[in-house]
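Asker: For reference, the structure I am asking about is given below.
The values are calculated or read from the model by the stated rules, or taken from the named source; none is laboratory data. Keep in mind that what you see is a predicted model, and the values were worked out from it rather than measured. Heads up, the Cβs are rebuilt from the backbone with ideal geometry, glycines too, and the neighbour counts pull from every protein chain shown. These area figures cover heavy atoms from the full protein model, side chains too; ligands, DNA and RNA do not enter into them. Shrake-Rupley method; radii C 1.70, N 1.55, O 1.52, S 1.80 Å.
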Amino acid sequence: MAESTDPAVPATDLPPGAVTRAGRWAVGNRDGELFAVSRRCRHQLGDLSDGHVDADGCLVCPWHQARYDVTTGAMVEGPRGFLGYHGRTPGYTQLVLGYSKLLRLRVARAVRRGAEVVVQRR
Ligand code: FES
């Protein structure tokens with residue numbers, strides 16, 4: 001179902017390093033730079049709005065720590081685990097990283113509008 005208005009969150013919910021949910025989007029603040037990407041991880045659909053921004057400015061999935069470039073939506077590091085397992089899975093990690101090249105996250109603009117951060121779909 002299409003969203004009829006631009007999703008928004010209070011700007012106070014997005015201090016540097018924070019990530020939150022705005023409709024179907026994970027919206028975050030990467031060291032002062034706002035971003036918005038689709039919420040579902042390309043691995044096993046973890047909710048990226050529950051993730052965090054790491055020291056390199058990548059969005060990290062809360063389930064198996066796949067990492068995403070929020071400017072392109074590309075997975076830059078594959079998952080560490082699957083389902084309930086969390087740990088090293090070298091071959092599997094590379095497999096997921098490979099197919100994720102075809103399934104980038106969608107990227108939108110996140111802009112400050114008054115007291116809100118609004119997601120503007122491209
Ligand atoms: S669901 Fe995101 S890394 Fe597994």
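Asker: Tyr85 to His52: FRET efficiency via 1/(1 + (r/R0)^6), r the Cβ-Cβ distance, R0 25 Å, to the nearest 0.05?
Answerer: 0.75
Asker: Hey, for a label at Glu33 modelled as a point 7 Å past Cα toward Cβ, could you say which residues of segment 66-101 have their backbone N under 11 Å away?
Answerer: Residues 70-72 fall inside that zone.
Asker: Can you give me the angle between helix 90-100 and the longest principal axis of the chain, using Cα atoms only, in degrees from 0 to 90, rounded to the nearest 10?
Answerer: Value to nearest ten degrees: 40.
Asker: Loop-only trypsin sites (Lys or Arg not before Pro) in segment 36-97, please: DSSP not H, G, I, E or B, and at most 12 other Cβ atoms within 10 Å.
Answerer: Answer by residue number: Arg88.
Asker: Expressed in nm to one decimal, what extension gain is obtained for the pair Ala11 and Arg109 from 0.36 nm per residue of sequence separation less their Cα-Cα distance?
Answerer: Going from the current span to full extension adds 33.8 nm.
Asker: Further question on the same structure: Is it possible to state the helix-based mean residue ellipticity at 222 nm for the chain, with each DSSP H run of 4+ residues giving -39500 (n - 2.57), the sum divided by total residues, to the nearest 500 deg cm²/dmol? What is it?
Answerer: It comes out at -2500 deg cm²/dmol, rounded to the nearest 500.
Asker: How many percent of the alpha carbon pairs in the chain exceed a separation of 27 Å?
Answerer: 16 percent
Asker: How far is the Cα center of segment 49-86 from the Cα center of segment 22-47, in Å?
Answerer: First find each Cα centre; the distance between them is then 10 Å.
Asker: Roll a 1.4 angstrom probe over the protein heavy atoms and tell me the percent of accessible area of the chain that is carbon or sulfur.
Answerer: 54 percent
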